[in-house]
1. Please note which strands (runs of 3 or more DSSP E) are completely contained in the stretch 78-152 and include at least 1 residues that are touching a Phe, Trp or Tyr at 6+ places or on another chain (Cβ under 7 Å), modelled with pLDDT of 95 or more and not basic (K, R).
2. Just name the residue that is surrounded by the most Cβ atoms within 10 Å (Cβ to Cβ) out of those in the stretch 148-177 that are without any contact (Cβ under 8 Å) to a residue 40 or more places away in the chain, closer than 19 Å to V56 by Cβ and in contact with a strand residue (DSSP E or B) (Cβ under 6 Å, 6 or more places away or on another chain).
3. Look at F139 and say whether it is buried (at least 18 other Cβ atoms within 10 Å of the Cβ) and over 19 Å from the mean Cα position of the chain (by Cα).
4. Would you mention how many residues in the stretch 23-51 are under 15 Å from G159 (Cβ atoms), β-branched (V, I, T) and crowded, with 17+ Cβ neighbours inside 10 Å?
5. Considering every residue within the stretch 242-262, establish whether at least one is touching a residue at least 60 places away in the same chain (Cβ under 8 Å) and under 25 Å from D62 (Cβ atoms).
6. Quick check: anything in the stretch 178-188 closer than 22 Å to V266 by Cβ and surrounded by fewer than 19 Cβ atoms within 10 Å (Cβ to Cβ)?
7. Just to confirm my filter: which strands (runs of 3 or more DSSP E) fall fully inside the stretch 159-234 and include at least 1 residues that are more than 19 Å from A251 (Cβ to Cβ)?
8. Look through L228, L306 and report the one residue that is in contact (Cβ under 8 Å) with a residue 60 or more places away in the chain, under 20 Å from the mean Cα position of the chain (by Cα) and under 30 Å from S144 (Cα atoms).
Amino acid sequence: MAFLSENKSEISPVALQEETMSKVPDPQMGVRTFFHEPTYTATHVVWDLAIRRAAVIDSVLDYDHKSGRTSTEVADELIAFVRDQELGVDWILETHAHADHVTAAPYLKEKLGGQTAIGEHITKVQEAFKTVFNLEPDFPINGSQFDRLLPDGETLTIGGLTCRVMHTPGHTPACVTYLIGDAAFVGDTIFMPDYGTARVDFPGGDAATLYGSIHQLFDLPDETRLFLCHDYKAPDRDVFSWETTVAAEKASNIQVRESIDQAAFVEMRTKRDATLDMPVLILPSIQINIRAGALPPAEKNGVRYLKIPLNAL
């Protein structure tokens, strides 16, 4: 079951955030968030309130890593909402190839239509993980699994809304942020102010690069709403939250607020990442997500298999 929220945070983890939240959200844009607690993932549906066209950002397919079974419970909730609101889906967007949940993009495309899209540097991620998983020789590393590859500065339309793509690497080489109206959908680049930032210890990750990307976000207007892809809930907080502002992050993010310089951030991030376990779902997620959510091809017995590389990550 997903938690739902529309155009507001569930909680303000710090007083400053409450003071700096946008008082009047963009009157043209609706946002509905579906929070998937098993993977701590926030999926956002963004739509033009007048024209009723929509985009889905960072969807989730339920996956039981104990049995290897997939299911569509949370995706079906999203589909029901889209149909109830009589929205037409133009885009199914990924901020990056996630390492902690499986995308539901192909299922949503089948049920709702729309084009799948991701940052153009997904090819670098595909190249790295094709080697890690020793994927089939004809697995393409050109991003052709997606309908669109998005360069930095590309613009998309969602009804009357304009979505601008900002390349924000560091967590992965392919990470992008989607700027829509008064909001930025930032993926894993940054988390709530009381939690910090993304890790950078995956192939192609880099702490200094992430610092630069976060400061691109800091250059946005202070009132810009930031919608996050994850919330892992800081120890002193009782509920999940996935919306903050540029002002709140600049003033109080515990790892990268404006007063913290690049050298200090890189040292902190490098030391912290060395202590972290791999995400629970990294092995299935990456193999599926670099295929735009398609499952690996079936083998001769008709069964699809995922690989577990030993001592490789």
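The values are calculated or read from the model by the stated rules, or taken from the named source; none is laboratory data. Not measured: the values here are computed from a predicted model. Heads up, the Cβs are rebuilt from the backbone with ideal geometry, glycines too, and the neighbour counts pull from every protein chain shown.
1. Working: elements: 88-93, 115-119, 148-150.
It comes to 88-93, 115-119.
2. Filtering the stretch 148-177 down to residues without any contact (Cβ under 8 Å) to a residue 40 or more places away in the chain leaves 148-155, 162, 164.
Narrowing further to those that are closer than 19 Å to V56 by Cβ: 148-150, 154-155, 162, 164.
Checking which are in contact with a strand residue (DSSP E or B) (Cβ under 6 Å, 6 or more places away or on another chain) leaves us with 148, 150, 154-155, 162, 164.
Numbers: R148: 14, L150: 27, E154: 17, T155: 10, T162: 12, R164: 15.
If we take residues in the stretch 148-177 being without any contact (Cβ under 8 Å) to a residue 40 or more places away in the chain, closer than 19 Å to V56 by Cβ and in contact with a strand residue (DSSP E or B) (Cβ under 6 Å, 6 or more places away or on another chain), then L150 is surrounded by the most Cβ atoms within 10 Å (Cβ to Cβ).
3. Working: buried (at least 18 other Cβ atoms within 10 Å of the Cβ): no; over 19 Å from the mean Cα position of the chain (by Cα): yes.
So F139 does not fit the description; no.
4. The qualifying residues number 3.
5. Yes, there is a match, as at least one residue in the stretch 242-262 is touching a residue at least 60 places away in the same chain (Cβ under 8 Å) and under 25 Å from D62 (Cβ atoms).
6. Within the stretch 178-188, the first condition is being closer than 22 Å to V266 by Cβ, and the residues that meet it are 186-188.
Add one more test, that the residue is surrounded by fewer than 19 Cβ atoms within 10 Å (Cβ to Cβ), and what stays is none.
No, the stretch 178-188 contains no residue that is closer than 22 Å to V266 by Cβ and surrounded by fewer than 19 Cβ atoms within 10 Å (Cβ to Cβ).
7. Values: elements: 161-167, 176-180, 183-185, 225-227.
Correct list: 161-167, 176-180, 183-185.
8. Numbers: L306 fails: under 20 Å from the mean Cα position of the chain (by Cα).
Going through L228, L306 in turn, the sole match is L228.
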